[in-house]
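Engineer: Sharing a structure below in structure tokens format, with a few things to ask.
The values are calculated or read from the model by the stated rules, or taken from the named source; none is laboratory data. Keep in mind that this is a model prediction, so the values were computed, not measured. We place every Cβ from the backbone using ideal geometry, glycine too, and count neighbours over all the protein chains shown. Calculation scope for accessible area: heavy atoms of the full protein, side chains included, ligands and nucleic acids excluded. Shrake-Rupley method; radii C 1.70, N 1.55, O 1.52, S 1.80 Å.
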Amino acid sequence: MGESIENKEIKILLADDHSIVRQGIDIIISDIIPNAKVFQTSSLQKAVELINSEGIEMAIIDAHFPDGNSLHVLPEIKKINPDIKILIFTGLEEDLHALKFIKAGANGYLSKLSEEEEVREAILNFVQKGEYFSDISRNLLVQFVFNPDLLSPLSRLTKREMEIAEMYAEGYGNLEIANRLNIKQNTVSTIKKNIFDKLKIENLVELIDIIKTHHKI
């Protein structure tokens, strides 16, 4: 094994737009690897720059930033440094989003809804092995082998639900959708409820976000 991980001067980047999240992870890391050199940033663009300029070996990155979605820069980061290990640490529903990030190059996915003990365990695992997959992610990866459609949560929607979801994303309201598709308004409301239930979301902002991430309108 050579030098144990605890003694390594490993360069780790924490990228999250909430400083309290970065501080929390920083505390865990300094516990696990006291010699780690930790860089912090609240911007996705800055994260990419630091990875480029500082020879970062490991990065713990949020999924969403005010200046973009990290899903779209993962391939760029891996191009800069193919050996970098990336853990996505996010509040996004794991069973809906983990596969997408893993396929784009992430080496692990950790939910911010996890208990503190699990977060500590995950970061320890990530630092020692260069990856972390929860039971949920492992399960998804196995399912994905048999059903490649799992990659996008939108694959759960029927054709009609998808059509209506896109119309919401384009800014149409219930009445306009009903008129355009020549169906009753309460039918539109029922379909909207089904869409929200299937995607586990509560509002249109989240719907638009999923459509922007997973679907090219």
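Engineer: For the condition open to solvent by less than 80 Å² (accessible area, probe 1.4 Å), touching a residue at least 12 places away in the same chain (Cβ under 8 Å), hydrophobic (A, V, I, L, M, F, W, C) and outside any helix (DSSP H, G or I), what is the one hit in Leu150, Leu110, Leu207?
Structural biologist: Numbers: Leu150 fails: outside any helix (DSSP H, G or I); Leu207 fails: outside any helix (DSSP H, G or I).
Going through Leu150, Leu110, Leu207 in turn, the sole match is Leu110.
Engineer: Would you pick out the residues in segment 13-24 that are open to solvent by less than 10 Å² (accessible area, probe 1.4 Å) and either part of a helix (DSSP H, G or I) or under 26 Å from Val205 (Cα atoms) (or both)? Show your work before the answer.
Structural biologist: Step one: of segment 13-24, the residues open to solvent by less than 10 Å² (accessible area, probe 1.4 Å) are 13-16.
The answer is Ala15, Asp16.
Engineer: Can you pull out every residue in segment 132-147 that is assigned to a loop (DSSP other than H, G, I, E, B) and farther than 23 Å from Glu118 by Cβ?
Structural biologist: Of segment 132-147, the ones assigned to a loop (DSSP other than H, G, I, E, B) are 134, 147.
Residue satisfying the conditions is Asn147 alone.
Engineer: Does Glu116 count as among the acidic types (Asp, Glu), more than 25 Å from Leu154 (Cα to Cα) and surrounded by fewer than 16 Cβ atoms within 10 Å (Cβ to Cβ)?
Structural biologist: Working: among the acidic types (Asp, Glu): yes; more than 25 Å from Leu154 (Cα to Cα): yes; surrounded by fewer than 16 Cβ atoms within 10 Å (Cβ to Cβ): yes.
Yes; evaluated as a whole, the condition is true for this residue.
Engineer: Let me ask something additional. What's the total number of residues in segment 153-186 that are of a type in the set (Gly, Ala, Ser), part of a helix (DSSP H, G or I) and open to solvent by 40 Å² or more (accessible area, probe 1.4 Å)?
Structural biologist: Residues of segment 153-186 that are of a type in the set (Gly, Ala, Ser), as a first pass: 155, 165, 169, 171, 173, 178.
Still in the running and part of a helix (DSSP H, G or I): 155, 165, 169, 178.
Narrowing the set further to residues that are open to solvent by 40 Å² or more (accessible area, probe 1.4 Å) leaves 155.
Number satisfying all stated conditions: 1.
Engineer: Within segment 35-69, count every residue that is farther than 22 Å from Leu124 by Cβ, touching a residue at least 40 places away in the same chain (Cβ under 8 Å) and crowded, with 19+ Cβ neighbours inside 10 Å.
Structural biologist: Total meeting the criteria: 1.
Engineer: Can you give me the number of residues within segment 71-107 that are part of a strand (DSSP E or B), more than 20 Å from Leu207 (Cα to Cα) and either open to solvent by less than 40 Å² (accessible area, probe 1.4 Å) or hydrophobic (A, V, I, L, M, F, W, C) (or both)? Write out each step before concluding.
Structural biologist: Just the residues of segment 71-107 that are part of a strand (DSSP E or B), to begin with: 85-90.
From what's left, more than 20 Å from Leu207 (Cα to Cα): 85-89.
Restricting the remaining residues to those that are either open to solvent by less than 40 Å² (accessible area, probe 1.4 Å) or hydrophobic (A, V, I, L, M, F, W, C) (or both) gives 86-89.
Residues in segment 71-107 being part of a strand (DSSP E or B), more than 20 Å from Leu207 (Cα to Cα) and either open to solvent by less than 40 Å² (accessible area, probe 1.4 Å) or hydrophobic (A, V, I, L, M, F, W, C) (or both): 4 in total.
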